[in-house]
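Trainee: Following this message is one structure expressed as structure tokens.
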Amino acid sequence: MEKEQYYIGVDIGTDSVGWAVTNENYEIVTFNSKHLWGIRLFDQGQDASERRLFRSNRRRNDRKKHRINLLNDLFATEMDKVDKNFFQRLKENDLHLEDKTFNEKYSLFNDSNYSDVDFYKSYKTIYHLRKELIDNNQKHDIRLIYLAIHDIIKNRGHFLFPEQELKQIGDFKDIYDMLSEYIREDIGIKFECKVSDVENFGEIIKNKKTNINQKKSELLKLISYEKDDESQIKAIIGVILGGKVKLDVLFNDSELKEAEKKDITFSGDFESNKNIYEGFLIDRFIFIEKLKAVYDWAILQDILKGSFSISEAKVKDYEKHKYDLKNLKYIIKKYKSEKYKEIFNTFVSDTNNYCLYVGMNKKNNIKQSPVDNKGKEADSLKPCYQEELCSYLKKIIDPIKVSDEDNDSLEYLKKEIENKSLLPKLTMKNNGTIPFQVHEDELKKILDNTRIHYNFLNIEDEYGTIYDKILSIFHFRIPYYVGPLNPKHENAWIIKTSNEKIQPWNFEKVVDIEASAEKFITKMTNNCTYLTCKDVIPKDSLIYSKYNVLNEINKLKLNGENITVEVKKSIYNNCFLKNNKVTFKTVKKYLETTRTDVV
């Protein structure tokens, strides 16, 4: 059979490939009476953001476990004097009794005169225990002290402003000064507020009774800024208030219109997308952190509600939840009894009721499995948030008419539902806005009250006391420029001064931080594509920044003609070297006001 010449055409898309075979006259070729053309479909390619999120969570959990293991080592000797099986029981907490190392029923306390039942009667939540240890300096069981410290070490808060201590939890001035200075120095625009108006600025941000648009207009009246920067200023205020803004407007950079994420908001799923923003913003992500620190401050004030500590605020929330639930059940049972079961005894995904809000439903004191909207058992259901619960209850509560004796209870419920503050929970997404300084303050108070009665906290070696080591565990974070701590790791560049095991309290002695940082920069530096024997110039270096500016000035034309070298130098020296931000208007004004002999 004579061989014929043929062409193969391929059209490649994101989730398909089209193909065709033709002869030299571009006619479809047939084989076995079938035309040789078609299309192959496949799943569209996905970025690594989802896997990156899992990896980040895994590493965060590993670091958390490591901190707890270090804490256990420090408490081990003292704990053995009281309860040798304590740590083992905690480790095997989720196992069936027959699978545990020790045949002991309870996980925390298994004494003959004190068990978990007694513990939970005394301390309804971990915050009740923390508050007790802060307020009462009497001697407590070492296991109670460990549990409180364990909770703080495990959930230590964010480190958005680690270089300063919060002088006062409710003080807004430090947070505002940090943001204002960064916007002025690094962003290069004016963002100023009178000293007398700073406190009012904070009050507006944390006010829950006004919407974002009202807050934005009030804040714009307090801030002094240039007219040309109005869009960027509005975006800054918008994201602080929890609104959604475009990144290209926030950074005044049109290139961000093509970014992987075009918008940003702190009130949504910011944490799950945090790594994505860091990936393409790189060093500019610091600005996002500064803005989020202000947003978090407002959320923190809402959590604290005038309390001096997180534990005190959470205990108040516990009591408020209890009071609100009692009121709600009373009104529903008395005036809307047909809705009682739907609200408190139904576990269905499409109903944002109380069961879905707390993630649990009990019938005859037995926990029920969740079901989907078709009545089938579901492995898990996405819980509803406080706002969704209040919206659901509002439709039920608003039409209710009550007697005079119950009018106060109904009005209270309506007010709390309107403010989205009914039935507060202790564990909620806003807990991530609590800075580490708040937890650190509680940790120090607990340790100060404990070291009076337990001398092991005062035992000292070359690295300090046990008291100091617990604080170092709480603060310890591996600098990004040090990288993996295992020198044998394929991606490690760490330089150690000794073979001693790295601990939070000896990190600066064992690790040569300056040498490791230098090696990090060297490792990340590429060679120039033009001069292959030379290293590339850093993007933000003075010489490369000057090159970029001169490159832009070189394109300028005046009255349709290229400007002279002397004018270019004049623009560079008088506009770019004397202003933080240079716009077309700045250059135009300079050329209009400059001497004719220069132009």
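The values are calculated or read from the model by the stated rules, or taken from the named source; none is laboratory data. This one's a predicted model, so the numbers in the text were calculated from it and none came from an experiment. All Cβ positions, glycine included, derive from the backbone under ideal geometry; neighbour counts span all protein chains shown.
Trainee: Being in a helix (DSSP H, G or I), crowded, with 18+ Cβ neighbours inside 10 Å and either in contact with a His (Cβ under 9 Å, 6 or more places away or on another chain) or among the acidic types (Asp, Glu) (or both) is the filter here; which residues of the range 417-440 pass it?
Mentor: Once the filter is applied, which keeps residues that are in a helix (DSSP H, G or I), crowded, with 18+ Cβ neighbours inside 10 Å and either in contact with a His (Cβ under 9 Å, 6 or more places away or on another chain) or among the acidic types (Asp, Glu) (or both), the range 417-440 yields Thr433, Phe436, Glu440.
Trainee: Let me spell it out: the conditions are (1) over 28 Å from Lys190 (Cα atoms); (2) in contact (Cβ under 8 Å) with a residue 12 or more places away in the chain, and Asn559 meets all of them except one. Which number is the exception?
Mentor: The failed condition is (2).
Trainee: When both residues are 6+ apart or on different chains and their Cβ atoms are under 8 Å apart, which pairs have a first residue that lies in the range 109-123 and is in contact (Cβ under 8 Å) with a residue 24 or more places away in the chain and in a loop (DSSP other than H, G, I, E, B), and a second that is hydrophobic (A, V, I, L, M, F, W, C) and surrounded by 13 or more Cβ atoms within 10 Å (Cβ to Cβ)?
Mentor: As it stands, the answer is Phe109/Phe119, since those pairs meet every condition given.
Trainee: Which count do you get for residues in the range 319-353 that are crowded, with 16+ Cβ neighbours inside 10 Å, touching a Leu at 6+ places or on another chain (Cβ under 7 Å) and part of a helix (DSSP H, G or I)?
Mentor: 5
Trainee: Taking the criterion of being over 30 Å from Lys501 (Cβ atoms), without any contact (Cβ under 8 Å) to a residue 40 or more places away in the chain and assigned to a strand (DSSP E or B), would at least one residue in the range 49-63 satisfy it?
Mentor: no
Trainee: Could you list, in sequence order, all residues of the range 54-104 that are among the basic types (Lys, Arg) and under 27 Å from His140 (Cβ atoms)?
Mentor: Within the range 54-104, Lys64, Lys65, Arg67, Lys81, Lys84, Arg89, Lys91, Lys100 qualify.
Trainee: Another question about this same structure. From the list Ile286, Ile264, exactly one residue is at pLDDT 85 or above and either crowded, with 20+ Cβ neighbours inside 10 Å or basic (Lys, Arg) (or both). Which is it?
Mentor: Only one candidate qualifies: Ile264.
Trainee: May I ask you to list the residues in the range 58-110 that are farther than 20 Å from Ile149 by Cα and either surrounded by fewer than 11 Cβ atoms within 10 Å (Cβ to Cβ) or in contact with a strand residue (DSSP E or B) (Cβ under 9 Å, 6 or more places away or on another chain) (or both)?
Mentor: Arg58, Arg59, Asp94, His96, Leu97, Glu98, Asp99, Phe102, Asn103, Glu104, Lys105, Tyr106, listed by residue number.
Trainee: So, of the residues in the range 562-592 that are surrounded by 12 or more Cβ atoms within 10 Å (Cβ to Cβ) and charged (D, E, K, R), which turns out to be nearest to Glu226 (Cα to Cα)?
Mentor: Lys581
Trainee: Any idea which residue in the range 101-151 is nearest to the chain's Cα centre (by Cα), counting only those that are of a type in the set (Lys, Arg) and either at pLDDT 90 or above or within 14 Å of Leu443 (Cα to Cα) (or both)?
Mentor: Arg130
Trainee: Identify all residues within the range 304-318 that are surrounded by 20 or more Cβ atoms within 10 Å (Cβ to Cβ) and not polar (S, T, N, Q); write none if there are none.
Mentor: Answer for the range 304-318, where residues must be surrounded by 20 or more Cβ atoms within 10 Å (Cβ to Cβ) and not polar (S, T, N, Q): Ile310, Ala313, Lys314, Val315, Asp317.
Trainee: Just the residues that are at pLDDT below 90, in a helix (DSSP H, G or I) and farther than 21 Å from Asn273 by Cα, please, taken from the range 289-318.
Mentor: Ala298, Leu300, Gln301, Asp302, Ile303, Leu304
Trainee: Looking only at the range 502-531, which residues are among the hydrophobic types (A, V, I, L, M, F, W, C) and assigned to a loop (DSSP other than H, G, I, E, B)?
Mentor: Within the range 502-531, Ile502, Trp505, Cys528, Leu531 qualify.
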